[in-house]
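Remarks on the structure that follows.
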Amino acid sequence: MKKLKTIIRELTDLQGNVGYEDAVIHSMADHLEKFGKVTIDHLGNLICHLTPENVGKKKVMLFGHTDEVGMMVKAISDDGFVYCEKLGSLNPTCLAGQRVQLDGEFGKVNGIIGVKSHHLLTETDRKGQKTVQEQYIDIGAVSKEDVLEAGVQVGTPVSFKPEFMELQNNCIANKSMDDRAAVGILIYLAECLDVKACKADIYLVFSVQEEFNTRGIMPAVRTIDPDIVLGIDVTPATDTPDLKGMSEIALGKGPAITYMNHHSRGTLAGIVPNKRFLSHLEEIAKDAGISLNREVACGILTETAYIAIENSRVVVANLSLPTRYTHSPVEVINLEDALGIVTILERFLMGVDEKTRFGKDVDFERRVKS
């Protein structure tokens, strides 16, 4: 558990906004080069081919995304305050008073998202909520020229300042657990897996721009052309007082297995994974003594929605890591849940061979033969 915690801390401390995942990519490459062949495409997707000796066998792809929600500088006022547009979905209620880092031309620039003094609040202030675009960043500048001289300009990416924390009961918190915790899980899996005993052709994919368009992974999918895909991402835990009853997802009760997700916010995309595949994952968890959260999620979308229709034979599923306070600077996970995902993935990969099939065509063929 200590090793996994160390990896996740390293990854979540890095700045990796949508389109600016470079530091994360370089860190992953350093970890993974000793386990397999590492390639990076023009968009930034990193592929680690763990089993080049198994080329020609059934292709299994596991993935997590490297980018995090953040902001981008949109305008600078004459008196030196910085206004931003969101990169990904941000909850504006959690922004005021937060510490941020601007990835300036000459290095990182510290900033604070402004918050109106309590002593000067009006009744309107108490009831209202500013949008992301209405809030501003204070870097201590006194003019627009001051900001520009610091290397900050329109287009500069902004991320939350990392502050890793250890909580009780094996819980940890930081920005970008979504989805660096999954990236850490896959790196740790590469360290644990006995690849020589695997009978499938295994690829780990670390995708980009998920928080922006959910499709950054597609060039990697087309490069690999997989038969089986398992996506690892976070899912909102609803075990806090303000969310009780919305679902049964809770920290410390194991990984979540997704039975349905759907964006439901203007994007007609989602996935109902293959039942045979889900049952197989359930059996693996049961045999390993790992409890599972059961996830039916509206308002959530992952890359598997698009991967599922990429070729005529691919089957997909999601394993999710329950996470409190998603898309905020203080995302919280439970390390036992994360280790549960590692165990399920390891056992799954060890069991895949040329006879492994999950599609609906399997039942049809059996019916015809009978």
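Where a number appears in this text, it was derived from the coordinates with a stated rule and is not lab data. It should be emphasised that the depicted structure is a prediction, and the values quoted were computed from it without experimental measurement. Here Cβ is always computed from backbone atoms with ideal geometry, including for glycine, and neighbour counts include all displayed protein chains.
Brief remarks follow.
- Residue-by-residue Karplus 3J(HN,Hα) for segment 242-247, coefficients 6.51, -1.76, 1.60, Hz, glycine and proline x: 7, 10, 4, x, 6, 7
- Normalised by residue count, the chain yields a Cα convex hull volume of 153 Å³ per residue.
- Here the gap between Asp194 and His42, fully extended at 0.36 nm per residue and compared with their Cα-Cα distance, gives a gain of 51.7 nm.
- Once backbone amide H atoms are built at 1.01 Å from N, Met260 has Ala297 as its partners under 5 Å, excluding neighbours fewer than 5 places away on the same chain.
- Per-residue ³J(HN,Hα) for segment 39-47, Karplus 6.51 cos²θ - 1.76 cosθ + 1.60, θ = phi - 60°, Hz, x for Gly and Pro: 10, 10, 8, 4, 6, x, 4, 9, 10
- The packing ranking, built from the mean of other Cβ atoms within 10 Å per residue, places the peptides 258-264, 163-169, 321-327 in the order 321-327, 258-264, 163-169, highest first.
- Based on the convex hull around the alpha carbon atoms, segment 273-328 presents an average projected area of 5.0 nm².
- Neighbour-count ranking [beta-carbon atoms within 10 angstrom, fewest first] of Cys84, Cys198, Cys171, Cys298: Cys298, Cys171, Cys198, Cys84
- Rounded, prolate or oblate (a/c below 1.5 giving rounded, otherwise prolate when a/b exceeds b/c) for segment 211-347 by Cα gyration tensor: oblate
- Shape parameters for segment 70-160, alpha-carbon atoms, Rg then Dmax in Å: 13.0, 42
- Footprinting exposure proxy for Ser117, Ser291, Ser328, Ser207 (fewest neighbouring C-beta atoms within 10 Å first): Ser117, Ser291, Ser328, Ser207
- Estimated Rh, segment 1-157: Kirkwood, alpha-carbon pairs, angstrom: 18.4 Å
- Most simply put, the chain has about 60% antiparallel DSSP beta bridges, counting only bridges with both residues inside it.
- Within a straight-line Cα-Cα reach of under 20 Å, Lys74 can be paired with the following aspartates and glutamates, leaving aside sequence neighbours fewer than 8 residues apart in one chain: Glu21, Glu85, Asp103, Glu105, Glu134, Asp138, Glu145, Asp146, Glu149, Glu211.
- Scalar couplings 3J(HN,Hα) for segment 286-291, obtained by applying the Karplus form with A = 6.51, B = -1.76, C = 1.60 to θ = phi - 60°, are 4, 5, 8, x, 9, 6 Hz; x denotes Gly and Pro.
- Under the combined filter of DSSP loop state and at most 14 neighbouring Cβ atoms within 10 Å, segment 239-283 retains these trypsin sites (Lys or Arg not before Pro): Lys244, Arg265.
- Within segment 121-156, GluC sites (Glu not before Pro) in DSSP loop having at most 11 other beta-carbon neighbours inside 10 Å: Glu134
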